[in-house]
1. I'm trying to understand the selection: among the residues of the range 88-98, which are farther than 24 Å from Arg429 by Cα and open to solvent by 30 Å² or more (accessible area, probe 1.4 Å)?
2. Output the strands (runs of 3 or more DSSP E) that fall wholly within the range 35-89 and possess 3 or more residues being under 30 Å from Ala228 (Cα atoms), or say none.
3. For residues in the range 16-40 being of a type in the set (A, V, I, L, M, F, W, C) and surrounded by 21 or more Cβ atoms within 10 Å (Cβ to Cβ), which is nearest to the chain's Cα centre (by Cα)?
4. Could you pull out the residue among Leu85, Leu108, Leu101, Leu78 that is aliphatic (A, V, I, L, M), open to solvent by less than 30 Å² (accessible area, probe 1.4 Å), closer than 30 Å to Ala306 by Cβ and free of Cβ contacts under 8 Å to residues at least 60 places away in the same chain?
5. Considering every residue within the range 338-345, establish whether at least one is part of a helix (DSSP H, G or I), free of Cβ contacts under 8 Å to residues at least 40 places away in the same chain and small (Gly, Ala, Ser).
6. Just to be sure I understand, how many residues within the range 111-131 are within 21 Å of Lys194 (Cβ to Cβ) and surrounded by 23 or more Cβ atoms within 10 Å (Cβ to Cβ)?
7. Mind listing just one residue for me: the one in the range 276-308 that is among the hydroxyl-bearing types (Ser, Thr, Tyr) and surrounded by 15 or more Cβ atoms within 10 Å (Cβ to Cβ) and, of those, farthest from Asp448 (Cα to Cα)?
8. Is the range 418-432 home to any residue that is part of a loop (DSSP other than H, G, I, E, B), without any contact (Cβ under 8 Å) to a residue 24 or more places away in the chain, closer than 18 Å to Leu120 by Cβ and open to solvent by 10 Å² or more (accessible area, probe 1.4 Å)?
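The values are calculated or read from the model by the stated rules, or taken from the named source; none is laboratory data. Owing to the predicted nature of the structure, the values given are computational and were not obtained by experimental measurement. For neighbour counting, all protein chains shown are included, and Cβ atoms are generated from backbone atoms with ideal geometry for every residue, glycine included. Ligands, DNA and RNA are excluded from the accessible area calculation, which covers all protein heavy atoms including side chains. Shrake-Rupley method; radii C 1.70, N 1.55, O 1.52, S 1.80 Å.
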Amino acid sequence: MPKCLAVALAAAAVSAAAQQPTLLRNATVIDGTGVAAREHMDVRFAAGLIESITPTSSSTPQGVTIIDCTGKTLIPGLISAHSHLGVLEANATPAATAYNLPNVTAALNQFERYGVTTILSLGLNRDLVYDLRAEQRSGTLGGATILTAGRGIGVPGGAPQLMVAEDQVDLPATPEQARADVDTFAAHHTDIVKIWVDPLHGKAAEMQPSVYEAVIDQAHKDRLHVAAHEYALKDAQILVDDGVDVLAHSVRDQPVDAAFINSMLRHHTWYIPTLALDEAFYLYAAQPSIMQSEFFRQAAGPQLLARLTAPDYAAKTLADKDTQQHEQDHALALRNFKAIYDSGAHVAFGTDSGAVPGRIPGFSEHRELEDLVTSGLTPLEAITVATGSTGELLHTLDPTINVGLISPGYSADLILLTANPLTDIQNTRHIAAIYHHGRMIPNPAPQD
């Protein structure tokens, strides 16, 4: 047989196998809707989409790949609605040159290997992100599915104070410039607009109301949603009243009150608590045992691991004057999130992973699930926030995006676990397999 023909036949065989339906047999299914887990279920998918979820059958359909999932639990792929790309080199070093193709694709692959199958890269993107998003939609690029806020809109002399290139964030000085920036984002078909409204504990200039009011107004005219980085209750209240669609962080300066929660409910505002954000500044110094597992070590990578395990790291971190503030912020974020969750307000899942060292793509999302449970949610509620609820938010940004549920017609983004996460949320780290758009991901994160 001619070599070229053999290669062509092999490629055709691989393509046919990829298109062949897959049936995950006899799994316990947590479907992302919040309903109780269902035992002994068969989940069938083909062409990247879920076809059916039915009680386990003993039949052997022809032309279907059957995988025995007895004793295993199936959950939807995790979704981070607040992460970042291209801010750090190798998860460890802030650099204005970090937004490059190898570094960004490595992060996307790392998210995916840890079961985070969709991310919203919420600002600080170079325009390269639009090309990557297009390549993913055409099927020529893998990794976690990207939605993006493009560059985002910050403040001259203010937030975000990160080491990024000039073309990773816009810094309009006037409302007119801000409106022009929004129109540019709209021309790129960005998925959302990001603004930073935070004086950073009085250390930086804050975005003027006339600027963020212009952004919100112009974005809505352009049929785009707006997410705001915020810290203080006062700012969050004003933003909600002005029509911002998403609060991208927890309120952490004081307890939220009934007036604020009622305003969120009235305006249908989404709230992303990013609970793992503050604790990442001190977590590895306070609980070094976290760094012993391969699940953590592979996510961190050698450069960050060397930094976190340096002989003086823990002592210097715990003695840092800012650590107490981070601890207080984290504790208040937990309480405020639970109050908002209990009110029935819209909540979504995100971690700010990729923004600073210690907020680690993939690992931080599993840590965030723990934090949601620490705040008072059940494991089932935490998983629902990280899947179905956040998928609902992404669907409002792009109605063609159907992720977050194990349901017919949804993307076959699935994590197969060897242990039950409803008895211990850390069992989401016991990954047997990951499917993204129905494709099994090679080399998933090592089991914790």
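1. Of everything in the range 88-98, those that are farther than 24 Å from Arg429 by Cα and open to solvent by 30 Å² or more (accessible area, probe 1.4 Å) turn out to be Glu89, Thr93, Pro94, Ala96, Thr97.
2. Values: elements: 38-46, 49-55, 65-68, 73-76, 78-83.
The strands (runs of 3 or more DSSP E) meeting that bar are 78-83.
3. Pass one, the range 16-40, residues of a type in the set (A, V, I, L, M, F, W, C): 16-18, 23-24, 27, 29-30, 35-37.
Going one step further and asking which of them are surrounded by 21 or more Cβ atoms within 10 Å (Cβ to Cβ), we end up with 23-24, 27, 29-30.
Details: Leu23: 27, Leu24: 26, Ala27: 25, Val29: 22, Ile30: 19 Å.
The selected residue is Ile30.
4. On the way: Leu85 fails: free of Cβ contacts under 8 Å to residues at least 60 places away in the same chain; Leu101 fails: open to solvent by less than 30 Å² (accessible area, probe 1.4 Å); Leu78 fails: free of Cβ contacts under 8 Å to residues at least 60 places away in the same chain.
Step by step, each of Leu85, Leu108, Leu101, Leu78 is checked, and only Leu108 is aliphatic (A, V, I, L, M), open to solvent by less than 30 Å² (accessible area, probe 1.4 Å), closer than 30 Å to Ala306 by Cβ and free of Cβ contacts under 8 Å to residues at least 60 places away in the same chain.
5. No, the range 338-345 has no match at all.
6. Residues of the range 111-131 within 21 Å of Lys194 (Cβ to Cβ): 111, 116, 118-131.
Okay, now just the ones that are also surrounded by 23 or more Cβ atoms within 10 Å (Cβ to Cβ), so 111, 116, 118-125, 129.
Adding up the residues that qualify gives 11.
7. First, pick out the residues of the range 276-308 that are among the hydroxyl-bearing types (Ser, Thr, Tyr): 282, 284, 289, 293.
Those left that are additionally surrounded by 15 or more Cβ atoms within 10 Å (Cβ to Cβ): 282, 284, 293.
Working: Tyr282: 21, Tyr284: 17, Ser293: 6 Å.
Only one residue fits best here, namely Tyr282.
8. Just the residues of the range 418-432 that are part of a loop (DSSP other than H, G, I, E, B), to begin with: 418-424, 430.
Checking which are without any contact (Cβ under 8 Å) to a residue 24 or more places away in the chain leaves us with 430.
Then keep just the ones that are closer than 18 Å to Leu120 by Cβ; that gives none.
No, because not a single residue in the range 418-432 is part of a loop (DSSP other than H, G, I, E, B), without any contact (Cβ under 8 Å) to a residue 24 or more places away in the chain, closer than 18 Å to Leu120 by Cβ and open to solvent by 10 Å² or more (accessible area, probe 1.4 Å).
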